[in-house]
Structures are given as structure tokens and as C-alpha cells.
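See structure below.
The values are calculated or read from the model by the stated rules, or taken from the named source; none is laboratory data. Note that the coordinates shown come from a computational prediction; the quantities given were computed from them, not determined experimentally. When we count neighbours, we look across all protein chains shown, and the Cβ atoms used for this are built from the backbone with ideal geometry, even at glycine. The area values use the complete protein model at the heavy-atom level, side chains included, leaving out ligands, DNA and RNA. Shrake-Rupley method; radii C 1.70, N 1.55, O 1.52, S 1.80 Å.
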Amino acid sequence: MPNFTKSKELFEKAKELMPGGVNSPVRAFKSIGIDPVFFEKAKGSKLYDVDGNEYIDYIGSWGPMILGHADPDIEEAAIAALKNSSSFGAPTALENTMTAEIIKLVPSIEMVRMVNSGTEAVLSAIRLARAFTSRSNPAKTKIIKFKGCYHGHVDPLLVQAGSGVATLSLPDSPGITESVTKDTLVLPYNDVSALEEAFNAHGKEISAIIVEPIVGNGGCILPEKAFLEAMRKLCDENKSLLIFDEVMTGFRVALGGAQEKYDIMPDLTTLGKVIGGGFPVGAYGGRKEIMEMVAPVGPMYQAGTLSGNPVAMAAGYTAISKIQRRGFYHELKAKSQYLIQGMQKVNQQFIDRAMTFVEAAGMFGLFFSEKPVKNFEEAKAADTEFFKKYYVEMLNNGIYLAPSPFEALFMSAAHSYDDLDRTIEAHEKALISLREAALA
Ligand SMILES: *Cc1c(COP(=O)(O)O)cnc(C)c1O
């Protein structure tokens with residue numbers, strides 16, 4: 001059993017200083033019912049906590065650390081930029097380099113605006129979608145989102161928003177008025193007929209659909225191709241915009257994100273996580289005709305004191321340069337598959353404990369469920385109580401998973417096959433000890 005003395009002391013203090021002792025709710029481990037771990041440093045695939053315990057990390061700071069922690073090239077680029085000043089609030093060549101690279105790599109993006117977080121990218125993209133579609137039809141005010149998809153803590157989208165919200169059991173959030181959410185239509189994921197019904201009833205008013213093209217915030221859930229195709233078709237027929245929220249999937253499931261993997265082109269895309277190389281960055285982009293609605297060219301206002309920050313641009317550019325190495329995503333996929341197959345092999349001894357796995361190259365997921373999970377209702381029907389016990393066993397065995405049954409897990413270039421073998425061993429140990437505990 002690892003010792004968590006210092007983490008516990010720090011957490012007691014932190015609770016007096018910050019709500020729940022944290023600066024983002026899921027970090028508090030409330031859905032697991034144990035205290036969180038405080039970290040001191042990390043390198044590659046390994047995390048080291050304040051008590052000196054080592055873990056193999058499958059959170060990767062919730063997505064950004066696709067090259068592993070403390071990547072030497074990112075570190076060097078960030079320090080070099082920092083020495084020339086941490087911020088100008090004025091144009092820099094680095095912003096050209098970064099945005100040109102995003103435009104080159106993400107198939108549907110012709111023009112892009114850098115912001116500081118995924119949340120900011122999403123709130124700007126829906127403002128832009130409404131600005132653009134309402135030019136020809138002022139009735140276009142509604143946005144479709146899907147149950148279990150999370151799009152940052154953007155007011156109109158904080159309804160049935162998966163992971164953090166679900167695991168804390170907030171139905172939605174106080175502080176958000178009905179007038180803000182009345183134009184949000186919430187539909188089940190992977191349900192083409194629900195989509196068709198919504199467009200039949202409200203097509204003229206639907207400004208945009210926003211979707212996680214692979215869900216990462218309601219557990220890891222893959223889209224059915226027909227579902228993505230139906231969205232594209234209905235948006236075209238109704239002059240609505242399709243927004244892919246690729247804050248998680250961008251540069252994670254393929255170089256060009258989920259839009260490249262499934263070959264479906266959205267009108268607007270939001271990005272974050274990987275593109276910051278571990279710094280606070282977001283971006284939204286799309287067709288030039290739409291992006292030119294944004295100030296100062298167009299009337300839709302959106303601004304940011306630190307947007308396009310030089311340190312973040314240098315780090316992010318280095319990250320997205322390194323992942324263009326040939327075979328990068330092939331290796332991530334091979335490792336995710338190896339881990340899943342190893343766990344599945346272990347599971348043959350535990351036939352009463354059904355599990356289902358999902359893999360999308362650099363992200364993957366597991367559910368204690370007999371059948372594959374297609375939407376958030378099915379994710380909630382999995383054995384989330386067992387997940388909590390399993391989580392604690394894995395943590396005690398040095399495996400740091402996301403502390404919620406409704407989160408994706410991340411593979412990085414720094415994970416070695418030895419890390420994966422150790423994870424499979426820990427998985428077996430966890431299931432054995434939970435079986436013994438159940439029999440005792
Ligand atoms: C993480 C995430 C966001 C929010 O990004 P922040 O940088 O945390 O604000 C939005 N959408 C998706 C799909 C995400 O995974």
C-alpha cells in the first residue's frame with residue numbers, strides 16, 4: 001500500500017483555500033470517494049507524487065501530454081520563447097507558424113483564431129455559428145448538443161454534459177438561467193431518428209449542431225458512421241452549421257482528428273489540449289467565409305489579452321511538429337490495442353465480470369458492461385460502483401487512471417511496452433483482490 005500522508009495533508013489545507021481543494025472539479029476524486037493525489041513532477045509516462053510514489057499515467061493532463069511529460073523539445077522551445085518575453089499582446093511570427101500548421105493538418109480548417117482554452121474555443125464557435133447562420137435567417141438561434149458530450153463550461157451547453165457534471169450528479173448547474181439554455185436541444189448520441197425528428201420540428205431555427213465526433217467525456221464512445229453522415233446531410237439541407245468539438249480528439253485519434261478518421265468535414269472545428277503542448281491553448285477554425293465573420297474583419301466580436309501567447313505557441317508548435325513523425329499514430333494505436341488485448345486475456349479468468357473496451361489510437365476507454373456502449377445512457381448503465389473499487393486497486397498498484405467511469409484514457413508516445421505489461425499485471429491483481437474481497 002503506498003503512503004499518501006503528504007497528499008492528505010496538502011488536500012486538507014487546499015480545501016480551506018479553493019472550493020473542494022481544487023481548481024477543476026474532477027481532480028477532487030469525489031466520484032471515487034477517496035482523497036486526490038498531489039503531484040510533484042513527471043517524466044515521460046511516469047508521475048511522481050509528493051510522497052514519492054510513482055505511477056504510470058493514463059490521464060496525460062486530460063489529453064495534452066501526447067508526447068509524455070516534460071518532453072525535452074517542448075521544454076527547449078518554451079524556454080527560448082520565454083526569454084524573448086512571455087507576452088506582447090501584439091502579433092508575432094510564431095502565431096503565423098502555428099496557425100499555418102493547424103490549417104495544413106486539419107482538413108476542414110481554412111482559417112483559425114487562437115484562444116486560451118477549449119471552453120473559450122467552444123463559446124466562440126457557437127457565437128460565430130449563430131452570427132453566420134442568422135445573417136440570412138434571424139430565427140436561427142437553436143443549438144443541438146448530445147447527452148454526455150462535454151464542451152467546456154459554456155453556459156448554454158452545460159446541460160446533460162457528461163463526465164464532471166455527471167459524476168458530481170449535478171442535473172445542470174445553478175447560475176445558468178433558463179433563457180440561456182432554452183435554445184439548446186439535447187439529443188441522445190448515435191441516434192439518427194432523434195436527429196431527423198429535431199430537424200423536422202425545428203430545422204429553420206437550428207443554427208448549429210455541436211458534437212464530440214468521438215465522445216471522450218461520457219466515457220470513450222465511438223460514433224456510428226451513419227450518425228456523422230446524417231448530421232452532415234441535415235445541416236446542409238437546413239443551412240445549419242456542423243461544429244466538431246475536437247478539443248480532445250484533435251491530433252489525438254489521427255493527425256487530422258476525427259474528421260480525417262471518419263472523412264466527414266465539419267463547418268467549424270474547436271481545438272485545445274494537444275495543440276498547447278501542456279500550456280493553456282484553444283483554437284477555433286473553419287471555412288474562410290465563416291471565419292471572416294470574426295472581428296476585426298467581420299462583426300462577431302471575440303478577443304483575448306493572452307491569445308496566441310508566444311510561449312504557448314512555441315510549445316504547441318513543437319508538439320504538433322513532433323507528432324508528424326511517420327508511424328506516430330500507428331504506434332499509439334498498436335499500444336492501445338496491446339493494452340486492451342492484454343486486459344481482455346486476463347478477463348478470461350473473470351467471466352462473471354464483463355468488460356468492454358474502446359480504442360481510437362491515442363485515446364481508449366473501458367466499461368464494466370456486457371455490451372458495447374453506444375451512448376451516455378448505456379455508459380451510465382455499466383457497473384460504475386465496481387469501477388470505483390477497481391480504480392482504488394489500480395491506484396494502489398501504481399496505475400493512474402481518470403478518476404471517473406465517464407472519462408477516456410490516453411496513450412502517449414512515451415508509454416513503453418514494459419509500462420503496458422505492468423498495467424496488465426496491475427489489472428489482474430486488482431480483479432483478483434476484488435474477487436477475494438467479494439468472497440470474504
Ligand atoms: C476538455 C474539453 C473541453 C474544454 O476544454 P478546457 O480547455 O478544459 O476549457 C471542451 N470540449 C471537449 C470535447 C473537451 O474534451
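Among the criteria (1) among the aliphatic types (A, V, I, L, M); (2) within 22 Å of residue 219 (Cα to Cα); (3) more than 14 Å from the ligand (Cβ to nearest atom), the one residue 158 does not fulfil is (3).
I need the full set of residues from region 235-250 which are in a loop (DSSP other than H, G, I, E, B) and either at pLDDT below 95 or within 16 Å of the ligand (Cβ to nearest atom) (or both), in order please. Correct list: 246, 247, 248, 249. Being over 27 Å from residue 292 (Cβ atoms), modelled with pLDDT under 95, out of contact with any helix residue (DSSP H, G or I) (no Cβ under 6 Å at 6 or more places or on another chain) and of a type outside the set (Phe, Trp, Tyr) holds for only one residue in 181, 177, and it is 177. Applying the condition of being buried (at least 17 other Cβ atoms within 10 Å of the Cβ) and hydroxyl-bearing (Ser, Thr, Tyr) to region 389-440 and asking which residue is farthest from residue 148 (Cα to Cα) yields 423. In region 11-25, the residues that are assigned by TED's automatic domain parsing to the domain that holds residue 50 and within 16 Å of the ligand (Cβ to nearest atom) reach residues that are open to solvent by less than 50 Å² (accessible area, probe 1.4 Å) and at pLDDT below 95 with C-beta atoms within less than 6 angstrom, at least six apart or across chains, in these pairs: 22/28; 25/164. Filtering region 124-155 down to residues that are among the β-branched types (Val, Ile, Thr) and more than 16 Å from the ligand (Cβ to nearest atom), which residue is nearest to residue 198 (Cα to Cα)? So, considering only residues that are among the β-branched types (Val, Ile, Thr) and more than 16 Å from the ligand (Cβ to nearest atom), the one nearest to residue 198 (Cα to Cα) is 141.
If you go through region 200-220 and keep only what is open to solvent by less than 10 Å² (accessible area, probe 1.4 Å) and either within 12 Å of the ligand (Cβ to nearest atom) or not assigned by TED's automatic domain parsing to the domain that holds residue 132 (or both), you end up with 210, 211, 212, 213, 214, 215, 216, 218, 220.
Every residue, every condition in (1) polar (S, T, N, Q); (2) at pLDDT 95 or above; (3) over 24 Å from the mean Cα position of the chain (by Cα); (4) part of a helix (DSSP H, G or I), yes or no:
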| site | (1), (2), (3), (4) |
| --- | --- |
| 370 | no, no, yes, no |
| 414 | no, yes, no, no |
| 420 | no, yes, no, yes |
| 429 | no, yes, yes, yes |
| 434 | no, yes, yes, yes |
| 438 | no, no, yes, yes |
